[in-house]
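Take a look at the structure below.
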Amino acid sequence: MNASRTDPDPTADGGQTAHVVDLRGVCHSFSGTPAVTDLDLQLESGELYGLVGPDGAGKSTAIRMLTGLLAPDRGEGWVCGHSIRRPSRALRQAIGYMPQQYSLYGDLSIDENLDFFGHLFGLPRQQRRERKSRLLSITRLEPFRSRRACDLSGGMYKKLALSCALLHQPRLLVLDEPTNGVDPVSRRELWDLLYEFVDEGMAVLLSSPYMDEAARCHRVGLLDRGRLLAEGEPTRLIERFVHRTFLLRITGRHQVEDLIGAQPGVLALSPEGGDIRAVVRQPEAAGFRQWATSHAFTVRIEPVAPTFEDVFLGLLKDPAAIEERGGA
Amino acid sequence: MKGFLTRVTAITVKEAAHILRDPRVMIFALVLPVLLLLLFGYAISFDVDHIPLVVVDQDQTNASRNLVESFTSGDLFEIKARRSTVDQVEPLFRSGLARAALVIPEEFTRRLAGGREPSVQLLLDGSDNNTATVALGYAGVVALEVSRRQMPTSLSREGAPISAQIRTFFNPGLRSSAFIVPGLTAVILTMIATMLTALTVSREIEQGSMEQLFTTPVSRLEIVVGKVCPYFLLGLVAVLLVLTAGVAMFSVPVAGSLWLLFGVSALFLLAMFIQGLFISVATRRQALASQLAFITTMLPALLLSGFVFPIDNMPWPLQFLARALPPSYFIHAIRAVLLRGNGVEAILRDSLAILLFFGVFLLLTVRRFRRALN
């Protein structure tokens with residue numbers, strides 16, 4: 001019952017770990033099927049970290065362990081020095097969490113939802129009011145404060161959920177696919193909001209299936225089948241990508257797409273407008289280009305700089321697609 | 001402690017808002033109990049009256065007419081038909097038009113005057129044994145009464161039969177409503193209270209808000225306590241409504257203290273709310289929770305509570321089950337206070353049993369809650 005309860009962990013605040021998040025070899029499996037395997041993850045304050053991966057990669061499981069909702073089978077982790085194995089009140093005070101799915105109370109108004117979380121986090125009246133009005137003004141939800149959550153649009157709802165998670169000014173903000181089901185304009189707004197809080201020193205960890213979003217993070221971790229394939233700054237990851245990307249313009253795309261995909265060395269194909277991007281293994285790249293030029297369906301083929309999405313698609317097929325470099 | 005209160009209050013306020021904004025909950029909690037009481041109160045009655053009677057008066061004298069009059073002066077029998085022979089009675093029984101027949105033979109008056117034992121015949125439809133038993137008992141009383149009136153005074157002086165002066169305590173009219181309404185109150189409260197809270201946790205788990213709640217500093221105990229509070233207040237209003245309706249509509253005597261009645265009802269409500277929460281936490285699905293809440297309350301409250309069937313007459317496994325569940329204690333207590341006018345000491349054992357159930361289930365609920373997301 002004591003809010004100022006101290007964590008017995010020796011690494012608690014001011015101890016040897018300065019990381020906001022520190023996961024060491026964390027694992028979790030659901031009835032024998034591993035969801036997350038040996039995850040190591042460190043996050044500093046003022047850092048925006050994106051956990052990207054396809055559906056079922058283990059993003060939500062990792063996030064649930066991090067927030068103390070799910071106990072790891074093996075490994076240990078700390079948030080601000082508080083163990084995630086035995087989630088204490090101090091751990092929860094340190095984290096603001098916005099789940100992927102609808103998690104607020106639809107029959108409560110914006111005001112009431114905010115007040116509810118303000119009370120649960122033990123904010124004094126004056127502080128609650130100040131923070132609420134600040135959040136309402138930067139999210140521009142102020143005019144709708146008496147509207148019920150179930151009557152909000154997707155974007156407004158997400159902004160409210162974000163405000164509820166931010167009200168107690170957590171040191172770590174965790175967002176599970178925050179832009180899911182949000183229109184591009186609202187998505188833009190959400191990102192602006194996030195940067196604002198990151199600039200103030202908050203650590204933000206978010207998951208996303210969208211590569212363009214991942215590219216906006218300071219650091220990303222690529223998660224696939226429970227394992228972290230690569231980690232680093234998006235631009236560095238692109239630099240360290242060893243394979244080649246081509247942009248092809250072809251005729252009769254539907255007939256020849258499978259044929260192209262079956263060529264040796266082709267790791268991934270993705271559409272770009274009317275063209276196709278092909279990620280090809282570096283040793284086979286020259287051969288692929290020759291093969292493509294020799295066919296009549298190829299109108300044009302040119303090498304292009306890989307995007308973050310190319311890197312990710314390449315990594316899914318070839319875990320060694322990122323060049324190991326000391327100190328990177 | 002201050003943090004505990006703040007968080008419990010926050011949950012309570014939120015939960016109260018859910019209740020107040022959902023008319024279905026209000027109807028379920030406040031209208032349905034009274035409706036059920038009226039419905040069942042009028043439908044369930046062990047009182048037997050207006051038994052359809054066929055009269056076969058083959059004597060057709062003043063004496064025989066007086067006898068018929070004695071039978072029908074009360075509310076118990078109502079003459080539906082008159083026939084001249086016994087053979088004509090059976091078809092009436094078969095068609096259900098009559099359930100009893102009074103046959104007065106030709107020589108009734110002559111035997112009466114001659115001092116020889118006059119006899120009349122009562123035919124009963126035994127397919128409804130409750131009605132038949134009551135009719136039988138009543139007929140015996142009427143016959144005794146009539147014969148005493150008819151007997152020569154000289155005889156009655158010396159060898160009059162012993163007459164039992166019967167007086168029934170607590171429910172002089174032996175009206176079943178005085179017996180049924182308290183029991184019905186218990187059944188209704190059991191069902192409504194459990195069903196109300198059975199949905200609260202499973203709904204939040206299904207809707208996803210529980211996940212968010214679990215990442216806040218609120219503890220499981222605080223959630224449970226916070227959720228019970230507003231339902232408790234609502235439940236008290238429901239108790240008040242049901243008791244008022246019971247007393248007003250069925251003229252149930254209130255012999256004891258209403259405060260005591262209210263107190264034991266409040267305790268019982270708590271036990272039922274925690275039972276509902278346990279179901280909610282254990283099932284985690286609204287559909288399953290509501291079904292389970294219905295089954296685990298309706299059947300025990302109706303059959304294993306002593307409401308209809310005395311617990312002492314049950315086979316021992318059922319007795320054990322009945323005594324493990326709060327409705328049996330509540331029905332005992334509510335009858336004790338309402339009808340017998342007993343004080344605290346008479347219902348102390350019942351109250352402690354209900355309190356024990358509450359404590360055990362509170363513990364189970366909080367323990368079970370802990371693993372909710374794993």
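Read-outs: derived from the displayed coordinates by stated rules, not from any lab. This structure is a prediction, so every number in the text was calculated from the model and none was measured. Here the Cβ is made from the backbone with ideal geometry for all residues, glycine too, and neighbour counts use every protein chain on show.
Only Cα sites of chain B enter the Debye sum here, all with the same form factor; the resulting log10 I(q)/I(0) across q = 0.08, 0.12, 0.14 1/Å is -0.57, -0.93, -1.12, listed in q order. Extension gain, B:Leu38-B:Arg65: 0.36 nm per intervening residue step, less the Cα-Cα distance, totals 5.7 nm.
Of the beta bridges in segment A:133-286, as assigned by DSSP with both residues counted there, near 75 percent are antiparallel. Just the number, please: percent antiparallel of the DSSP beta bridges in the protein assembly as shown, rounded to the nearest 5. Just about 60 percent of them are antiparallel. With springs connecting C-alpha atoms under 10 Å apart, model chain B as a Gaussian network and identify which of B:Ala135, B:Ala293, B:Ala333 has the largest mean-square fluctuation. Fluctuation is largest for B:Ala135.
Here r is the Cβ-Cβ distance between A:Ser29 and A:Arg236 and R0 is 35 Å; the resulting FRET efficiency, rounded to 0.05, is 0.65. Within the straight-line cut-off of under 17 Å between alpha carbons, the lysines reachable from B:Lys14 are B:Lys227, sequence neighbours fewer than 8 places apart in one chain being disregarded.
Quick one: order A:Tyr97, B:Tyr138 by neighbouring beta-carbon count within 10 Å, fewest to most.
Ranked by crowding around the Cβ, least crowded first: B:Tyr138, A:Tyr97.
With 0.36 nm allotted per residue and the present C-alpha distance subtracted, the B:Glu206-B:Trp259 stretch has 15.1 nm of extension available. Here each label is just a point 7 Å from Cα along the line to Cβ, and for A:Ala71 and A:Glu200 those points are 3.5 nm apart.
The longest stretch of chain A left intact once loop-based GluC sites (Glu not before Pro) with at most 12 other Cβ atoms within 10 Å are removed from consideration, loops following DSSP, is A:1-199. In this rough spin-label picture, where each label sits 7 Å from Cα along the Cβ direction, the A:Gln290-B:Thr72 distance is 12.0 nm. In this label model, B:Leu352 and A:Arg227 are separated by 6.4 nm, measuring between points 7 Å along each Cα→Cβ vector. In the protein assembly as shown, helical runs assigned H by DSSP with n ≥ 4 each contribute -39500 (n - 2.57); averaged across all residues and rounded to the nearest 500, the mean residue ellipticity at 222 nm is -16000 deg cm²/dmol.
Give me the percent relative contact order of segment A:231-299, please, defined on Cα pairs under 8 angstrom at least 6 residues apart.
Working: 79 pairs, mean separation 25.7, N = 69.
Rounded, it is 37 percent for segment A:231-299.
Among the chymotrypsin sites (Phe, Trp or Tyr not before Pro) in segment A:200-268, none is located in a DSSP loop while being surrounded by at most 10 other Cβ atoms within 10 Å of its own Cβ.
With loop membership from DSSP and a limit of 16 other Cβ atoms within 10 Å, the longest segment of chain B without GluC sites (Glu not before Pro) is B:108-374.
Counting, for every residue in A:109-117, the Cβ atoms of other protein chains within 10 Å of its Cβ and taking the mean gives 2.
Arranged by the count of other C-beta atoms within 10 angstrom, fewest first, what order do A:Thr293, B:Thr9 take? Walk me through the intermediate numbers first.
Values: A:Thr293 10, B:Thr9 14.
Going from sparsest to densest Cβ surroundings: A:Thr293, B:Thr9.
Rounded to the nearest 0.05, the FRET efficiency derived from the C-beta distance between B:His50 and A:Gln42 at R0 = 56 Å is 0.05. Legend: residue pairs A:Lys59/A:Lys159; A:Lys159/A:Lys317; A:Lys59/B:Lys2, Cα-Cα distance threshold 31 Å; pairs beyond threshold, A:Lys159/A:Lys317; A:Lys59/B:Lys2. Going from the residue with the fewest nearby Cβ atoms within 10 Å to the one with the most, A:Ile238, B:Ile188 rank A:Ile238, B:Ile188. Entry note: the protein assembly as shown has Rg to Rh equal to 1.24, where both radii use alpha-carbon atoms and Rh is the Kirkwood radius. When trypsin sites (Lys or Arg not before Pro) are flagged only if DSSP places them in a loop and at most 11 other Cβ atoms lie within 10 Å, the longest unflagged stretch of chain A comes out as A:141-324.
Enter the mean number of other protein chain beta carbons within 10 Å of the beta carbon of each residue in B:199-211, as an integer.
Values: counts 0, 0, 0, 0, 0, 2, 0, 0, 6, 6, 8, 3, 9.
Averaged over the peptide's residues, the number is 3.
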